[in-house]
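To start, the structure itself, in structure tokens.
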Amino acid sequence: MKHFLLFSLLLITGILKAQENIRPTSSFSIEGKVKSPYVFSFAKAGDFKSISIDSVVIYNHLRQRKNVVKNLKGILLKDILSKVEFDSPNPKLLNEFYITCIASDDFKAVFSWNEIFNTDTGKAAIILTEKNGKKGAEMDDRIALLCPADHATGRRFVKGLQKIIIERVK
């Protein structure tokens, strides 16, 4: 029940606080329950396999069409997360881990470990390195996270990604 309440609170907070004052970012850190923190920047993008997506329609929580982003290139979130070792004494406990992606304006989106590493969501959640014909530092919101597999794609469209925190449900 505690887990459901925590997840619900984070979801409601995200719905009430749409991204408004986005400060562009050029890197983000991965920290929390990891053996060693990791920092991703556009300079490291070449170290990862890139994927391309023609376009994604951005829908809000009511599934109303809000925008379309085109000519996307990016890196799977799970590939970047694979650069860190989760601080877990037992692989079975990875079921208890969740990933909070935090923007420069404090907007948050949450994924579970299983969602990223054990479902098709992990094959879709991407860190954008190109959007609408603009590369990296030319993009208005710089580092962004998008999950085209979501029905309401805008709910986890994190612009100005500055930090990813790995935590374990207690």
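The values are calculated or read from the model by the stated rules, or taken from the named source; none is laboratory data. Keep in mind that what you see is a predicted model, and the values were worked out from it rather than measured. Cβ placement follows ideal geometry from the backbone for every residue including glycine, while neighbour counts extend to all protein chains displayed.
Just a yes or no: is a residue in the stretch 24-35 at pLDDT below 50 and either exposed (fewer than 15 other Cβ atoms within 10 Å of the Cβ) or assigned to a strand (DSSP E or B) (or both)?
No, the stretch 24-35 has no match at all.
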In the stretch 89-127, residue farthest from S50 (Cα to Cα) [restricted to those that are free of Cβ contacts under 8 Å to residues at least 60 places away in the same chain and among the small types (G, A, S)]:
S112
Given the condition surrounded by 22 or more Cβ atoms within 10 Å (Cβ to Cβ), in contact (Cβ under 8 Å) with a residue 60 or more places away in the chain, of a type in the set (A, V, I, L, M) and out of contact with any His (no Cβ under 6 Å at 6 or more places or on another chain), answer yes or no: does some residue in the stretch 133-144 qualify?
yes
Does any residue in the stretch 154-170 that is at positive phi come within less than 9 Å, Cβ to Cβ, of a residue that is acidic (D, E) six or more places away or on a different chain, and which pairs are these?
G160/D105; G160/D141
Failed condition for R63, given (1) surrounded by fewer than 14 Cβ atoms within 10 Å (Cβ to Cβ); (2) touching a residue at least 60 places away in the same chain (Cβ under 8 Å); (3) part of a strand (DSSP E or B), with all others met?
(3)
Subset tally (residues that are touching a helix residue (DSSP H, G or I) at 6+ places or on another chain (Cβ under 9 Å) and closer than 15 Å to K108 by Cα) for the stretch 119-166
10
Going through the stretch 76-123 one residue at a time, which ones are of a type outside the set (A, V, I, L, M) and in a loop (DSSP other than H, G, I, E, B)?
S82, K83, E85, D87, S88, P89, N90, S104, D105, D106, F107, T119
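Only one of L161, L94 is touching a strand residue (DSSP E or B) at 6+ places or on another chain (Cβ under 7 Å), closer than 18 Å to T25 by Cα and of a type in the set (A, V, I, L, M); which? Talk me through it step by step, then tell me what you get.
Values: L94 fails: closer than 18 Å to T25 by Cα.
Step by step, each of L161, L94 is checked, and only L161 is touching a strand residue (DSSP E or B) at 6+ places or on another chain (Cβ under 7 Å), closer than 18 Å to T25 by Cα and of a type in the set (A, V, I, L, M).
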The condition of being modelled with pLDDT of 95 or more and touching a Pro at 6+ places or on another chain (Cβ under 8 Å) holds, among A124, A109, only for A124
Inside the stretch 42-80, can you point out the residues that are at pLDDT below 95 and of a type in the set (G, A, S)?
A43, A45, G46
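Restricting to the stretch 69-114, name every residue that is of a type in the set (S, T, N, Q), surrounded by fewer than 18 Cβ atoms within 10 Å (Cβ to Cβ) and closer than 21 Å to K163 by Cβ. Don't jump to the end; show me each part of the working.
First, pick out the residues of the stretch 69-114 that are of a type in the set (S, T, N, Q): 71, 82, 88, 90, 95, 100, 104, 112, 114.
When the remaining residues are screened for being surrounded by fewer than 18 Cβ atoms within 10 Å (Cβ to Cβ), the result is 71, 82, 90, 95, 100, 114.
Scanning the stretch 69-114 gives S82, T100.
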